[in-house]
Amino acid sequence: MPNLDQVLWQAWKAMELPEGYRAEIVEGFIEVSPTGRHVHSRAVNEMRDAMAAFLASGPYAARNDMNVVHDLKIWIPDLFVAPRDDAEYVTEDGLGVDAACVELIIEVVSPGHDGTTRDRVRKRRAYARAGVPVYVLIDEHDCHGTVTVLTSPIPHEAVYAAETRVPYGTEVVIPEGPAKGFVITEAITGPPRNV
């Protein structure tokens, strides 16, 4: 008898979503969500453009709209950093890349209870469980906007041991990995939000 992960994997592979929607498997659920609003997409695109320029001369690249797979779980991060030459990390079925090659994931927190819980809680645990070294949350729904950089994953506990959280308008630096030294500025997040 197949286990839940196998059933979810088969169901995910069989899904046909309308344009503008995506489906991920996060902590025992298939989560279907629309693509981001303008403010969400703007932050992702600003980050991707700046990260691509930062990584341009090295062996790593900024990627988005690509599946990341870990133990029959599948995510579509807003942005991630992985080897530019990722051929050895492409899954056997060609659906995406293995999470083992991902050095950094960036999520722009989606609005609403389901979106914020997914990005702040469930994906945080899932990425730590997979051993993703750096997880960055750009969160305009937290106070007047915050950027959180999580490092030092403890996979068996599904937690990150280190966290730096700053308000929008305060620069924060990626502390390790191929993006070490990359600065997240107000040009990427936008100014602090009024609530």
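We did not get these values from a lab; they are worked out from the coordinates using the rules stated. Since the structure is predicted, the reported quantities are computational estimates derived from the model, not experimental observations. Counting neighbours? That spans all protein chains shown, and the Cβs are built from the backbone with ideal geometry, glycine included.
Please say if the range 95-184 is rounded, prolate or oblate, where rounded means a/c under 1.5 for a ≥ b ≥ c the square roots of the C-alpha gyration tensor eigenvalues, and otherwise the choice is prolate for a/b larger than b/c and oblate otherwise?
Here the range 95-184 falls in the oblate category.
Once Lys and Arg get +1 and Asp and Glu get -1 on their Cβ, which of CYS143, VAL7, LEU95 lies farthest toward the positive end of the dipole of the chain?
CYS143
I need the calculated FRET efficiency for the pair ALA87 and CYS143, taking r as the beta carbon distance and R₀ as 41 Å, to the nearest 0.05.
After rounding to 0.05, the efficiency reads 0.45.
Between 0 and 90 degrees, rounded to the nearest ten: what's the tilt of helix 38-55 against the longest Cα principal axis of the chain?
Tilt of helix 38-55: around 80 degrees.
Per DSSP H run of at least 4 residues, take -39500 (n - 2.57); add these up for the chain, divide by its residues and hand me the 222 nm value, nearest 500 deg cm²/dmol.
Dividing the helical sum by the residues of the chain leaves -6500 deg cm²/dmol.
Once fully extended, how much extra length lies between TYR21 and VAL121, figured as 0.36 nm per residue of separation less the alpha-carbon to alpha-carbon distance?
33.9 nm
Just want the ordering: ASP119, ASP114, ASP142, from fewest to most Cβ atoms lying within 10 Å of their own Cβ.
By the 10 Å Cβ count, ascending, the order reads ASP114, ASP142, ASP119.
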